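Student: Dropping a structure here in structure tokens format, bear with me for questions.
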Amino acid sequence: MLVNIMRSEKLNGQHQNGARRVILFFFMHAKTANNKIRKLKKELLRNRENYSDNDFWTIMNALIRAKKIHDIYGGKIFAIGRISGKPIYDKIDNANLHWKSNIFAPIDDIFLLENLIDMSEFGVEIEVSRQSSITPIFSEKFELIKNLILKRNNIIEEYLKNSVAEPMPLHKLNDDNWLEIVNCHRRGFFLEAQFRAFYVDRFLKNLGDTKAFYKECGCKKENRCKTFVDNVIKLNGKYLPVEVKLSVSAEKDIRSQLTSYCNLKQLYLTTDKVISDNIYKDNVLVIDTDKIYIFFDKEGGLKEVFELDNIKSKDDIIAVRAVIINLLNYGI
């Protein structure tokens, strides 16, 4: 698992003058990897007769080694590094790969920590993503991880010591200026979590019936495994799933994904708050860095609602809200 930070770096002890922007990675071994290792081992033993002795022990020894590695590194930050080139977004077909991200970049100056940082030390303040291999962290969350590493490790790379969290000018955002500032940068986001943190979260607070909304909500259909939608808001008295993308056009099979959020038996707003009614059964609101869409499951259609370039004020958001409610009530 990678934990990513966008930050600015102090050069020669200076904060702003001469500072340059880089992307820093914290490498973390997934805590839940042990569950997958255990399941794979059971499956291997259950299907022992399907493997030759050589293949069986090759796989078994790999799983034993994976378990030993997890015992040491599971749920811990074990290294740091920084991107040495421009990140790219590649539409590679990764259906057969063990990662889901389409973002690739060269990472240099990788430094192994002498003393590892267990996620229990920051798990309350930082929620590690369950859906992605990358969890972006900014501002005070970056400072928390940085200080933990510096406190526990005597020898550390200068690029971490001399770093400060400052993702573009977005630290200056407030309720009055966020649309103006973020509209200048949203197409430059290369992580969905950046787009969510700096644009979508504020947008949903203004779009819904109340400022409260829910994140990474479990969606349970009849006889189907639980999936997770990015957000849920209450709109015109009913709960509406919201999916966030960098680019809808870059998604290989977005309709299949959105269908898994429709006609739900249960919607898990939080661990303790589960609902089974008062949900928009047929619809999902979709937001990418260009537009807002509504998905209609019965028709299998994704309708464009608004271009984000045209949303420049809170009054515009109110107008968008009215359009969305009308479409949800009367369809395409």
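The values are calculated or read from the model by the stated rules, or taken from the named source; none is laboratory data. Since we're looking at a predicted model, the values are computed, not measured. Just the protein is used for accessible areas: all its heavy atoms, side chains included, with ligands, DNA and RNA removed. Shrake-Rupley method; radii C 1.70, N 1.55, O 1.52, S 1.80 Å.
Student: Translational D (Stokes-Einstein, µm²/s) of segment 251-319 at 25 °C and 0.890 mPa s when Rh comes from the Kirkwood sum over C-alpha pairs?
Tutor: My calculation gives 178 µm²/s for D.
Student: How much of Leu116 can a 1.4 Å solvent probe reach, expressed as accessible area in Å² and rounded to 10?
Tutor: 40
Student: What is segment 151-301 by shape, rounded, prolate or oblate, if you read a ≥ b ≥ c off the alpha carbon gyration tensor as root eigenvalues and call it rounded for a/c under 1.5, prolate for a/b larger than b/c, and oblate otherwise?
Tutor: Here segment 151-301 falls in the prolate category.
Student: Under a 5 Å amide H to amide H cut-off, with H placed in plane at 1.01 Å, what residues pair with Leu113 once short-range neighbours are removed?
Tutor: Result for Leu113 returns Ala79, Ile80.
Student: Each residue of segment 55-69 in order: what ³J(HN,Hα) in whole Hz does its phi give by Karplus 6.51 cos²θ - 1.76 cosθ + 1.60, θ = phi - 60°, with x for Gly and Pro?
Tutor: Result, ordered by residue: 5, 4, 6, 5, 5, 4, 5, 5, 5, 5, 5, 4, 5, 5, 5 Hz.
Student: Report ³J(HN,Hα) in whole Hz for each residue of segment 251-256, in order, from the Karplus equation J = 6.51 cos²θ - 1.76 cosθ + 1.60 where θ = phi - 60°; Gly and Pro get x.
Tutor: Result, ordered by residue: 7, 6, 9, 5, 5, 5 Hz.
Student: Tabulate in residue order the Karplus-calculated ³J(HN,Hα) for segment 206-213, using 6.51 cos²θ - 1.76 cosθ + 1.60 with θ = phi - 60°, rounded to whole Hz; enter x for Gly and Pro.
Tutor: Residue by residue, segment 206-213 yields 8, 8, x, 4, 10, 6, 6, 8 Hz.
Student: Using just the Cα positions, wrap segment 189-271 in a convex hull and report its mean projected area in square nanometres, one decimal place.
Tutor: 6.0
Student: Further, regarding this structure: What full-extension length gain, to one decimal in nm, is calculated for Met60 and Lys205 as 0.36 nm per residue of separation minus the Cα-Cα distance?
Tutor: Difference between extended and current length: 47.2 nm.
Student: To the nearest 10 square angstrom, how much accessible area does Asp253 have with a 1.4 angstrom probe?
Tutor: Answer for Asp253: close to 90 Å² accessible.
Student: If amide H atoms are built 1.01 Å from N in the plane of the peptide, which residues on other chains or at least 5 residues away come under 5 Å of the amide H of His29?
Tutor: Those qualifying (amide H under 5 Å, at least 5 residues apart or on another chain) are Gly75, Lys76, Phe78.
Student: Accessible surface of Glu143 in the full protein assembly, 1.4 angstrom probe, to the nearest 10 Å²?
Tutor: The accessible area comes out at roughly 60 Å².
Student: Show the residues, 5+ positions off or on another chain, whose built amide H is closer than 5 Å to the amide H of Glu216.
Tutor: Asn231
Student: What do you reckon, how do Arg196, Arg255 stack up by accessible area (1.4 Å probe), largest on top?
Tutor: Descending order: Arg255, Arg196.
Student: For Met28, Met119, give the ranking by accessible area with the largest first, probe 1.4 Å.
Tutor: Largest accessible area first, the list is Met119, Met28.
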